Amino acid sequence: MSRRGRVLCALVLIVTVMGLAQCGGAPTEAPPEAVATDTPAAPAAEGFGTIRVGTEAAYPPFENKDESGNIVGFDIDLMNAIAERAGFEVEYVDTPFDGIFVALQSGEFDAVISAATITSERAQIVDFSDPYFDAGLALVVRADSPYQAAEDLEGQPIGVQLGTTGDMEATDRYGEENVRRYDDVLLAFQALISGDVEGVVNDLPVTEGYMANNPESNLRLIPGMLTSEQYGIAVNKSRPELLAAINQALAEIKADGTYDEIYSKWITAPAAEEPAGVADVCGGVGNLKDVVAVDEYTVRIELCNPDPALPYKVAFGAMAFHSPANLEKYGGGGELGVNPVGTGPYVLQEWVRDDHITLVANPNYWGEPPKTPTLVMRPVVEAAARFLELQAGTVDIINNLGTDDFPVAEADPNIQVLERPPFNIGYLWMNRDVEKFSDQRVRQAVAMCLDRQALLDAFYPPASLVAEQFMPPGLLGHTEGLTWYPRDVEMARGLLAEAGYPDGLDATLSLREVARGYLPEPSKVAEAIQAQLAECGVRVTIDVVESGAFLDGAAAGDFEMGLLGWLADYPDPTNWLDFHFMGTGAGDQFGQPFPDIVELLTQAARLPDPAERQPLYDQVNELLKEYAVMVPIAHGGSAMAASADVEGLLASPLNTEVYAPVSKPGADTLIYAKNGDAISLDCTDETDGESFEVCSQIFDGLLEFIPGTTEVRPALATSYDVNEDATQWVFTLRQGVTFSDGTPFNADAVVINFQRQWDPENPLHVGRTGEFYYFATFFGGFKGD
């Protein structure tokens with residue numbers, strides 16, 4: 001019933017929780033997609049007087065009546081703000097929605113604001129303002145019903161509100177004979193609960209609100225949205241000057257933050273505070289219920305919902321453990337990132353930024369001592385320079401062998417090449433919160449303009465693949481047979497023209513000069529993209545940003561377009577799709593997340609059976625192609641290279657090499673040339689691979705990845721047990737382990753480290769940025785969210 005549309009935080013809320021509880025805070029931005037309209041300049045404020053505005057006051061949170069009978073809601077506050085800015089008064093007229101546009105056309109009102117979707121049919125009889133809200137239709141069923149997809153309800157009775165676009169969509173999709181129309185959407189919901197209909201087609205945010213306020217209704221959303229639409233203010237066609245004034249005022253209140261305040265008040269207002277407790281924890285967006293020290297060497301992790309990927313997550317470097325004494329010493333932040341204390345095989349001896357990091361063997365290490373006492377890591381940005389140093393013998397190991405150096409290295413008997421599978425993705429992204437990329441047609445134009453095969457041929461090493469989707473082949477979550485848009489310059493130009501850019505547009509492409517398997521030569525790839533996009537009318541300026549500032553800015557949504565990629569942390573779609581498209585781990589890089597994608601990912605993450613998860617990921621991959629907030633470029637083949645006499649080195653498919661088992665005859669020092677310098681060695685609050693490859697030598701977690709594989713094994717835990725529904729995990733800890741500063745490792749140390757990341761009120765919840773992206777992604781949010 002497309003009166004209403006997307007709610008960002010409520011959306012994230014919906015998915016992460018799998019219940020539809022109210023979101024715990026407002027988004028940083030929540031503007032609807034802007035569309036330019038050709039309307040005359042706004043007249044002076046004088047002369048409008050009082051205008052009559054039609055609305056149906058039975059559609060919370062957009063319009064409804066409070067206990068005193070006053071009409072309130074998002075639309076009402078928005079119209080009042082517009083009226084104040086444009087200089088007129090408003091008289092609201094409560095009117096049934098099914099006749100509201102005819103009444104407007106006949107002159108009963110001057111305008112209508114009633115969560116009204118902009119359609120071409122309606123635009124024939126009324127004028128619409130610029131869009132003020134993204135909307136979409138969803139399908140809701142009873143929780144105990146057998147239906148899993150929209151097509152499952154064919155031939156079943158479907159409830160709608162009379163005269164809405166939900167009515168139109170249901171009629172088109174299920175046939176006139178199966179549609180049951182109700183004067184009020186609440187009556188449609190009641191009919192669903194009582195069994196008179198099997199589903200209701202209605203605007204997603206209103207449906208979410210109903211479910212949140214009526215949890216006893218026991219309803220369930222079908223994954224995916226049926227449509228994507230926008231709301232507008234309808235104006236009588238005889239009032240072009242009023243339309244112009246409304247558009248001008250709307251633009252002003254969006255620009256000065258008034259719109260965001262109204263959005264936060266009605267759409268993503270925080271839930272009322274309740275007493276803290278375990279039940280309250282599971283009513284929020286996060287999935288972590290509690291972490292309990294059962295005894296000195298037993299820890300229980302309790303989850304609100306099943307998570308079959310938990311072993312992978314606790315094996316990842318962001319979940320490794322700091323010495324509690326060291327956390328206290330540095331207050332959980334500050335100089336902690338340059339003074340790491342873990343239980344791993346190495347300790348930090350010296351760090352000269354942009355020159356070298358020296359690690360030495362940890363004398364208190366619980367495992368087998370490192371075969372080489374000293375490990376020196378040197379940042380060498382250029383791939384060619386790294387290879388020259390390997391040939392000269394000034395380094396022993398290098399990462400990311402350059403494309404042009406593969407044949408030379410493979411032919412040299414003094415060098416060994418250790419290839420990795422292409423478990424990565426290099427991509428170009430667009431931020432849809434930026435006006436020029438808010439229009440899907442612009443994003444699709446960019447997607448159609450890139451010649452990805454040409455980029456692969458020019459810059460990527462052997463074994464690389466042109467990416468047809470975000471997920472690499474061979475992993476759960478990859479959709480067989482799905483292909484990306486082929487290059488089509490003319491179609492791209494046509495889409496730009498349709499979106500209002502017949503002469504093209506200007507854009508800034510941001511990147512960092514750090515080589516990765518997914519992006520071997522960043523600046524050269526950027527220059528080639530610049531040339532390709534120019535053919536379609538997109539004039540690109542290249543902006544190279546320092547690595548740490550780039551990652552921070554990308555997560556904060558500071559860049560309109562950028563080049564980045566992803567190296568697998570563990571082999572599960574939650575590490576790929578959830579991290580990037582749930583609005584948590586990758587932050588605001590792509591702009592606001594899409595509600596339908598968030599909901600699908602949340603459902604998939606809770607299912608233990610891969611066969612049940614895959615169809616949901618197929619839907620996600622199709623939607624990512626449609627929405628085109630990123631263009632998948634390549635799954636890059638990559639390799640390490642080392643002197644032929646280096647022993648014990650295994651290239652990790654997850655890029656988490658372990659150096660304790662590595663040696664070189666007669667050498668007490670190994671020198672490793674890495675792509676760039678670390679940002680911080682408090683890797684609980686990092687997303688940067690250059691930091692993690694250092695942290696992996698200093699810190700341990702409960703579990704670890706077996707070197708050279710994607711499988712996990714015990715580390716600081718000797719074993720673990722899980723209950724039947726994967727919501728309770730009990731870890732038995734290794735005894736006799738100490739941190740390198742002498743602090744004992746025990747259950748309390750585990751709880752302190754978990755609480756530090758989980759609880760924003762914890763005094764140690766500081767880090768470098770305080771974002772703790774991985775934890776928020778792994779567990780859906782923080783305590784109290």
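The values are calculated or read from the model by the stated rules, or taken from the named source; none is laboratory data. All figures in this text were calculated on a predicted structure; none of them were measured in a lab. Counting neighbours? That spans all protein chains shown, and the Cβs are built from the backbone with ideal geometry, glycine included. Keep in mind that these areas ignore ligands, DNA and RNA; they rest on the heavy atoms of the full protein, side chains included. Shrake-Rupley method; radii C 1.70, N 1.55, O 1.52, S 1.80 Å.
Close Cβ contacts (under 9 Å, 6 or more residues apart or on different chains) running from residues in the range 99-127 that are over 20 Å from residue 205 (Cβ atoms) to residues that are open to solvent by 50 Å² or more (accessible area, probe 1.4 Å) and part of a helix (DSSP H, G or I) comprise 108/102; 121/168; 125/102; 125/105; 126/105; 127/240. Strands (runs of 3 or more DSSP E) fully within the range 164-258 that include at least 1 residues being in contact with a helix residue (DSSP H, G or I) (Cβ under 6 Å, 6 or more places away or on another chain) and free of Cβ contacts under 8 Å to residues at least 24 places away in the same chain: 179-182. Taken across the range 383-402, residues that are of a type in the set (S, T, N, Q), surrounded by fewer than 24 Cβ atoms within 10 Å (Cβ to Cβ), on the phi < 0 side of the Ramachandran plot and in a loop (DSSP other than H, G, I, E, B) do occur, with at least one present.
Taking the range 113-149, which residues are open to solvent by less than 40 Å² (accessible area, probe 1.4 Å) and in contact with a Phe, Trp or Tyr (Cβ under 7 Å, 6 or more places away or on another chain)? Hits for the range 113-149 are 114, 115, 116, 117, 122, 126, 131, 132, 133, 135, 141. Taken as a whole, the structure leaves residue 736 outside the set of residues that are on the phi > 0 side of the Ramachandran plot and buried (at least 22 other Cβ atoms within 10 Å of the Cβ).
For the range 409-422, taking the residues that are more than 28 Å from residue 569 (Cβ to Cβ) and open to solvent by less than 70 Å² (accessible area, probe 1.4 Å), the one that is nearest to the chain's Cα centre (by Cα) is identified as 415. Going by the structure shown, is residue 542 closer than 18 Å to residue 452 by Cα and either modelled with pLDDT of 95 or more or more than 24 Å from the chain's Cα centre (by Cα) (or both)? Against the criterion (closer than 18 Å to residue 452 by Cα and either modelled with pLDDT of 95 or more or more than 24 Å from the chain's Cα centre (by Cα) (or both)), residue 542 does not qualify. Out of all the residues in the range 464-477, is one or more within 22 Å of residue 631 (Cβ to Cβ), outside any loop (DSSP other than H, G, I, E, B) and touching a Lys or Arg at 6+ places or on another chain (Cβ under 9 Å)? Yes - at least one qualifying residue is present in the range 464-477.
Of the strands (runs of 3 or more DSSP E) contained entirely in the range 584-679, those carrying at least 2 residues that are hydrophobic (A, V, I, L, M, F, W, C), modelled with pLDDT of 90 or more and more than 28 Å from the chain's Cα centre (by Cα) fall at 638-643, 669-674. Within the range 481-497, the presence of a residue that is open to solvent by less than 30 Å² (accessible area, probe 1.4 Å) and closer than 26 Å to residue 383 by Cβ is excluded. Can residue 234 be described as surrounded by 20 or more Cβ atoms within 10 Å (Cβ to Cβ), among the small types (Gly, Ala, Ser) and under 23 Å from residue 114 (Cβ atoms)? Answer is yes for this residue. Among the residues of the range 367-382 satisfying the criterion of being aliphatic (A, V, I, L, M) and within 19 Å of residue 645 (Cβ to Cβ), which is least open to solvent (accessible area, probe 1.4 Å)? This residue is 375. Considered as a group, the residues in the range 73-98 that are within 33 Å of the chain's Cα centre (by Cα) and over 18 Å from residue 110 (Cβ atoms) include one that is surrounded by the fewest Cβ atoms within 10 Å (Cβ to Cβ), and that residue is 77.
Of the residues making up the range 556-577, those that are open to solvent by 10 Å² or more (accessible area, probe 1.4 Å) and either part of a helix (DSSP H, G or I) or under 17 Å from residue 781 (Cα atoms) (or both) number 1.
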